[in-house]
Amino acid sequence: MTDVTLTHTYTYADLPGLMGLMTGDEKHGPAATSTLDVLWVLYDRVLRVSPESREDPERDRFLLSKGHGPMAYYAVLAAKGFLPVEWLPGFGSYDSPLGHHPDRTLVPGAEIGSGSLGHGLPIAVGTALGLRAQGRDEPRVWALTGDAELDEGSNHEAIAFAGPAGLDRLHTVVVDNASATYARPGGIAARFEAAGWSALTVDGRDHDALYAAFTAPHPGRPHVVVAQVEPKSI
Amino acid sequence: MDTMRDRFAPVVSRLLDEDPRVAVVLAAIGTDGFAGAARHHPGRVVDVGIREQLLIGAAAGLALTGLRPVVHTFASFLVERPFEQVKLDLGHQDAGAVLVSAAASFDWPAGGYTHMAPGDVALLDTLDGWTVHVPGHPDEAETLLRHAVAAGDDKVYVRLSVQANGQAQPVDGEHFLTVREGRSGVVVAVGPMLDAVLAATEGLDVTVMYATTVRPFDGAALRRATETAGTDVVLVEPYLAGTSTAAANDALADVPHRILGLGVGRRELRRYGQVAEHVAAHGLDARSLRERIGGFLGAAAARV
């Protein structure tokens, strides 16, 4: 257990500075920040989890499936007090708990380790099943994937199962930076919808739109939010 | 005689009744046996369909919520196809599960190579922290399944097979048993190989050990056996030949020793037929074993 004492409350405006502790530069391109707004809105307004409740069986679970470029994730976890800001400058070094892909056994608040694409959503399905089997109806389970990550077939096993299984506590947010190979416009939401999910597509930089999509009701069905951000390569 | 797999669903159904942590995850194979349990425990019996990556990933998710998943399908689809999920979703996530396989190395020879997994244990050997049980009799399967489920949050593999010995041994989920004592060599029979090994070594002056829990490898027992029987060691395994040679070698690292690793060959036979024909083709029938073991141990092992 790491003792984390917040000296002050961080806001969204602090995130570039926190990321800068890892990257050495407060200016970040779209690739590094593609997940930043989604993560902030989730942790700031949606997820019922805090440093104090991170072991509570009734907490909401957030599974970062797309473990690539986790600086935004670490910055948000630091801003919310899950891990000390002092850890950030060590990012990627031998003694640091913060790798270029997160490890759940090292990062307080990280529900899973990730890096190899296509693992988070199947684990999220099992998490939702496990909570349901134990009669825990309150906790919501969120998985964040990238649009290119959905090229991995394991996701489609999870998507195809979760809809008909009626896993209505399961949520996926797909950060879409148009980096998938052989993508078709509207293809992401269509594939989830075909499997019986509720699906919304929003501007991944618009906090109010994200919040509305994240909290939209979806009785009896899992829910996906496709958060569109700037294309990775323009 | 019933098979190990015949015992699987009844035993695990009872464990579902007894322990609220237990959950069963299936992928369209072996679902019939759990129909009753699924009615009694609908949330804790899950069939994900023909989706083996999800099979392991979902099991990991169940484990992360505190449950004890028991995961079942054919060995080739349980260990080989979703191997990265076994490595990452269980190993790297530090999540436990009990993987219970059927079909073994060639339980369904007519099904061909797609349904054969002689390399399953060797593959798990590339990972840390797995317990591997290889029962040789349905009664042992029952005992070892219970040990596996009761093993906290450990990662445990239970390898069920239609190959079996006539008699069950008092296995404890940990140690090798000494079945016969001699002075000119140690033969370790793994799981279903025991009957053939006993027949093959009839009249030879060798110690026969019986191993049903092969990981961790009971190196201490092997070492003790070599103190009276000498350090010529033969391993007879029902999966890929040589799978445990390194473990046996480690147990005897500081004494001169020889090890012969017998088991299923790497070469794909491209044959169908019956189990007995594949046993013989891989040189694992009693007659072939006697020849190979006798040849390795030499004249000293022949009893006067």
Condition (residue is among the small types (Gly, Ala, Ser), crowded, with 23+ Cβ neighbours inside 10 Å and not assigned by TED's automatic domain parsing to the domain that holds B:TYR272) applied to the stretch B:28-42: is it met by at least one residue? no
Those residues of the stretch A:207-227 which are surrounded by fewer than 19 Cβ atoms within 10 Å (Cβ to Cβ) and either free of Cβ contacts under 8 Å to residues at least 60 places away in the same chain or hydroxyl-bearing (Ser, Thr, Tyr) (or both) amount to A:ASP208, A:ALA209, A:TYR211, A:ALA212, A:THR215, A:ALA216, A:PRO217, A:HIS218, A:PRO219, A:GLY220
Kindly indicate the residue of the stretch A:135-173 that is in a helix (DSSP H, G or I) and farther than 21 Å from B:GLY49 by Cα and also nearest to the other protein chains (Cβ to nearest Cβ) among those meeting that condition. A:GLU149
Can you name the condition, by its number, that B:ASP89 falls short on among (1) surrounded by fewer than 24 Cβ atoms within 10 Å (Cβ to Cβ); (2) within 14 Å of chain A (Cβ to nearest Cβ)? (1)
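Here is a yes/no grid of residues against (1) farther than 14 Å from B:VAL25 by Cβ; (2) basic (Lys, Arg); (3) in the same structural domain as B:VAL190 (by TED's automatic domain parsing):
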residue: B:ARG51; (1), (2), (3): no, yes, no
residue: B:LEU62; (1), (2), (3): no, no, no
residue: B:HIS72; (1), (2), (3): no, no, no
residue: B:LEU88; (1), (2), (3): yes, no, no
residue: B:ASP94; (1), (2), (3): yes, no, no
residue: B:VAL121; (1), (2), (3): yes, no, no
Among the residues of the stretch A:115-127 satisfying the criterion of being more than 7 Å from every other protein chain (Cβ to nearest Cβ) and outside any loop (DSSP other than H, G, I, E, B), which is nearest to A:ALA189 (Cα to Cα)? A:LEU121
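Residues are listed down the side, and each one gets a yes or a no for (1) hydrophobic (A, V, I, L, M, F, W, C); (2) closer than 23 Å to A:GLY69 by Cα:
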residue	(1), (2)
A:VAL174	yes, yes
A:ASN177	no, yes
A:ALA180	yes, yes
A:ALA183	yes, yes
A:ALA189	yes, no
A:ALA194	yes, no
A:SER198	no, no
A:GLY204	no, yes
A:ALA212	yes, no
Counting only residues in the stretch B:172-200 that are part of a loop (DSSP other than H, G, I, E, B) and in contact with a Gly (Cβ under 8 Å, 6 or more places away or on another chain), the one nearest to B:LEU144 (Cα to Cα) is identified as B:GLY185
For B:VAL70, only one of the following conditions fails: (1) crowded, with 24+ Cβ neighbours inside 10 Å; (2) over 19 Å from the mean Cα position of the chain (by Cα). What is its number? (2)
Can you report the number of residues in the stretch A:174-206 which are of a type in the set (A, V, I, L, M), surrounded by 17 or more Cβ atoms within 10 Å (Cβ to Cβ) and part of a loop (DSSP other than H, G, I, E, B)? 2
Return the total of residues in the stretch B:45-59 being surrounded by fewer than 24 Cβ atoms within 10 Å (Cβ to Cβ), of a type outside the set (D, E, K, R) and either more than 7 Å from every other protein chain (Cβ to nearest Cβ) or within 24 Å of the chain's Cα centre (by Cα) (or both). 1
Is there a residue being within 11 Å of another protein chain (Cβ to nearest Cβ), assigned to a helix (DSSP H, G or I) and surrounded by fewer than 24 Cβ atoms within 10 Å (Cβ to Cβ) anywhere in the stretch B:75-86? yes
Can you tell me which of B:SER184, B:SER161 is surrounded by fewer than 24 Cβ atoms within 10 Å (Cβ to Cβ) and touching a strand residue (DSSP E or B) at 6+ places or on another chain (Cβ under 8 Å)? B:SER184
Residue under question is B:LEU222, and the condition is that it be crowded, with 19+ Cβ neighbours inside 10 Å and out of contact with any Lys or Arg (no Cβ under 8 Å at 6 or more places or on another chain); does it hold? yes
Give me the pairs: first residue in the stretch B:197-218 and in contact (Cβ under 8 Å) with a residue 40 or more places away in the chain and over 22 Å from B:ARG159 (Cβ atoms), second residue β-branched (Val, Ile, Thr) and assigned to a loop (DSSP other than H, G, I, E, B), beta-carbon distance under 9 Å, and six or more apart or on different chains, which are they? B:ASP205/B:VAL304
Lone qualifier among A:GLY126, A:GLY120, A:GLY166 - being of a type outside the set (A, V, I, L, M), on the phi < 0 side of the Ramachandran plot and either in contact (Cβ under 8 Å) with a residue 12 or more places away in the chain or surrounded by fewer than 24 Cβ atoms within 10 Å (Cβ to Cβ) (or both): A:GLY120
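The values are calculated or read from the model by the stated rules, or taken from the named source; none is laboratory data. This structure is a prediction, so every number in the text was calculated from the model and none was measured. No Cβ is skipped: glycine too gets one built from the backbone with ideal geometry, and neighbour counts run over all protein chains shown.
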